[in-house]
C-alpha cells in the first residue's frame, strides 16, 4: 500500500518518534511510506490576538527551517521518504491508499484532501486541547478513522461526544532500556527521577511540591530531572539533565529508585514505561498509560491527578519500604515485557489494511 503520514513538523518529540517508528516498520513490510512535514508551521490559534498568532507561526516556521531536521541514517532513507512541501494540499502530496493525520492541525488538512489521496485516518496520541480547545475538539468530529494509543484518550473523546477510536498501545523496545539487574538502595540513599516539561498538564509543579515535602523529612533523598527545555522553576538542589543522550537516560533510569509521574492529563506517557523497563518503581497518577497497564499496589502506586497529598504519601511509602519498592519494580518490569512493538505494528498494519483500497 501507499501510505502518507502528515506530521506537524520534524522536531523530534516523543509523538514524532513514534510515528517515525511506525513509518520504518511499515516500509520494512513492503509498504511505500512517505512522511510529509510542511515547512510552514501551523497556526494553532493559541492567542485571541491575530497578530500574536501570526508572530508565533512565523517564529515557529523559522525555527523549523533553521534548527530542526529528522535525524535518520542512510539505511533508513531507503525505507521511507520525507517530503517538505510549504503547505499540505491536493497539489503538494502524492496520491495514496492511506493518508494519516497525526496532530489536530494536520487533521484539518487531511479532512480537505480528495479521495485520490487515500482513506483518511487520524492517529491520536494525546487529547490535544492545550493550544486551542475548540479547534482541536472539532477535529475529533471529522469523518476520519481514529486510532488512539490509550483508554484515557477514548474516555476524553466519549466525554466530548466524539466517536472513539481503535486502541493500539505503544510498545517499547526492551533492548534499548532493559535492566535485568537492579540495585535497591536503602532509604537514606534513595534517588528519585522526574521528567521536566513546561506544559501544565504534565504536573511538574505537583511533582516538585510533593518532593519538597519529602525533602523536608528526608534530607538525603535526591531528585534528578531531565527534559529538552532550559531549566526554569526547578529547585537548586535538583540535578537537571538537559537533552540527555539515550545512554545517559538509561543510566538515569537504572540508578534511580523511584520515578515520579505526576501528569494531570496524558495521552500515553512514555517515560513511566521506560522507567518500568529499567526496574525503576513508578509513583504516579491515574492517567495515560497507567489506566491501561497500571495496577494499584502491584506494579505502581497511583493517585488522582492533582492529589499532591497522596502522591507525597506514596513516594514516602516507597522510600521507607524497600521490599514494597522491590515488588513494584519487579512487577512493573514484568508488565512492560508484554508491551512489545511487534504487537503494535501488527495491529496498526491490520487496521489500516482493513479498508477498501481506492488507488491501487
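The values are calculated or read from the model by the stated rules, or taken from the named source; none is laboratory data. From a predicted model like this one, the values you see are computed outputs, not experimental measurements. Neighbour counts run over all protein chains shown; Cβ positions are idealised from the backbone, glycine included.
Name the residues in the stretch 99-115 that are part of a helix (DSSP H, G or I) and in contact with a helix residue (DSSP H, G or I) (Cβ under 6 Å, 6 or more places away or on another chain), would you?
Here is the first cut: in the stretch 99-115, the residues part of a helix (DSSP H, G or I) are 104-112, 115.
Residues satisfying the conditions are 104, 107.
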Quiz item: So residue 282 clears everything in (1) in a loop (DSSP other than H, G, I, E, B); (2) touching a helix residue (DSSP H, G or I) at 6+ places or on another chain (Cβ under 6 Å) except one condition, right? Which one?
Solution: (1)
Practice problem: Check the stretch 272-280 and report whether any residue there is buried (at least 24 other Cβ atoms within 10 Å of the Cβ), assigned by TED's automatic domain parsing to the domain that holds residue 308 and more than 24 Å from residue 149 (Cα to Cα). | Solution: no
Quiz item: Taking the stretch 220-244, which residues are in a loop (DSSP other than H, G, I, E, B) and either on the phi > 0 side of the Ramachandran plot or in contact with a helix residue (DSSP H, G or I) (Cβ under 9 Å, 6 or more places away or on another chain) (or both)?
Solution: 220, 221, 233, 234, 235, 237, 238, 243, 244
Quiz item: Does residue 265 satisfy the condition of being at pLDDT 95 or above and either part of a loop (DSSP other than H, G, I, E, B) or outside the structural domain of residue 164 (by TED's automatic domain parsing) (or both)?
Solution: no
Practice problem: Look at residue 138 and say whether it is more than 18 Å from residue 15 (Cβ to Cβ), over 21 Å from the mean Cα position of the chain (by Cα) and in a helix (DSSP H, G or I). | Solution: yes
Quiz prompt | Qualifying residue in the stretch 191-205 (condition: under 30 Å from residue 276 (Cβ atoms), modelled with pLDDT of 95 or more and surrounded by fewer than 16 Cβ atoms within 10 Å (Cβ to Cβ)) | solution = yes
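Out of all the residues in the stretch 186-210, which are touching a helix residue (DSSP H, G or I) at 6+ places or on another chain (Cβ under 7 Å), part of a helix (DSSP H, G or I) and within 18 Å of residue 280 (Cβ to Cβ)? I'd like the intermediate steps shown before the answer.
The first filter runs over the stretch 186-210 and keeps only residues touching a helix residue (DSSP H, G or I) at 6+ places or on another chain (Cβ under 7 Å), leaving 186-187, 190-197, 206, 209-210.
Adding the requirement that they be part of a helix (DSSP H, G or I) leaves 187, 206, 209-210.
Listed by number, the residues that qualify are 187, 210.
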Quiz item: So residue 296 clears everything in (1) surrounded by fewer than 16 Cβ atoms within 10 Å (Cβ to Cβ); (2) within 23 Å of residue 206 (Cα to Cα); (3) at pLDDT 95 or above except one condition, right? Which one?
Solution: (3)
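A quick yes/no check of all residues on (1) crowded, with 16+ Cβ neighbours inside 10 Å; (2) outside the structural domain of residue 186 (by TED's automatic domain parsing):
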{"position": "303", "(1), (2)": "yes, no"}
{"position": "307", "(1), (2)": "yes, no"}
{"position": "312", "(1), (2)": "yes, no"}
{"position": "320", "(1), (2)": "no, no"}
{"position": "323", "(1), (2)": "no, no"}
{"position": "328", "(1), (2)": "yes, no"}
{"position": "332", "(1), (2)": "yes, no"}
{"position": "349", "(1), (2)": "yes, yes"}
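Could you grab me the full set of residues in the stretch 141-162 that are in a helix (DSSP H, G or I) and either surrounded by 18 or more Cβ atoms within 10 Å (Cβ to Cβ) or on the phi > 0 side of the Ramachandran plot (or both)? Full working, then the answer.
Residues of the stretch 141-162 in a helix (DSSP H, G or I): 151-159.
Hits for the stretch 141-162 are 152, 153, 154, 156, 157.
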Exercise. Could you tell me whether residue 165 is buried (at least 19 other Cβ atoms within 10 Å of the Cβ), assigned by TED's automatic domain parsing to the domain that holds residue 126 and modelled with pLDDT of 90 or more?
Key: yes
